[in-house]
1. To the nearest 0.05, what FRET efficiency results for residue 128 and residue 47 with a Förster distance of 22 Å applied to their C-beta separation?
2. Measure off 7 Å from each Cα along the Cα-to-Cβ vector at residue 40 and residue 22, then give the distance between these two points in nanometres to one decimal.
3. Pick from 103, 39, 122: which is most flexible by mean-square fluctuation in a GNM of the chain where alpha carbon atoms under 10 Å apart are linked?
4. Roughly what % antiparallel, to the nearest 5, for the DSSP beta bridges in the chain?
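Just so it is clear, none of the values below were taken in a lab; they were calculated from the coordinates. None of these values were measured; they are calculated from a predicted model. Every residue, glycine among them, receives a Cβ derived from its backbone with ideal geometry; neighbour counts consider all protein chains shown.
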């Protein structure tokens, strides 16, 4: 199951060349991850937050511009014992052209103990139900 987030490029996210600055793509990917967590039933309440971003990357394929609508799809691509991987695609909502691809590794983390811990059964079950392994 793909989770979709739509963003409209704001002027402040562009650079002197008129296209979206490379740092803005990471903001889009973060927004997509937040929406993904909410869609699978995890609130963004930081009092009991259990996730930490261990790694993220973005490959820039095309360009995006001010006022353009972008669609970010998020899929579970791998599940480990203490972490899982998400894959993202950013496309122009109007043309369907690929703009960028991203990846993120999310670790299940105990902030009190300051260490990673095993994914709970309930979370693993939800992630497996996404049925989107690439």
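1. Details: r = 27 Å, r/R0 = 1.23.
Step by step, r from the Cβ atoms, then E = 0.25.
2. With each label point 7 Å from Cα toward Cβ, the separation is 2.9 nm.
3. Most flexible of the set in this elastic network: 122.
4. Taking every DSSP beta bridge within the chain, about 100 percent pair in antiparallel fashion.
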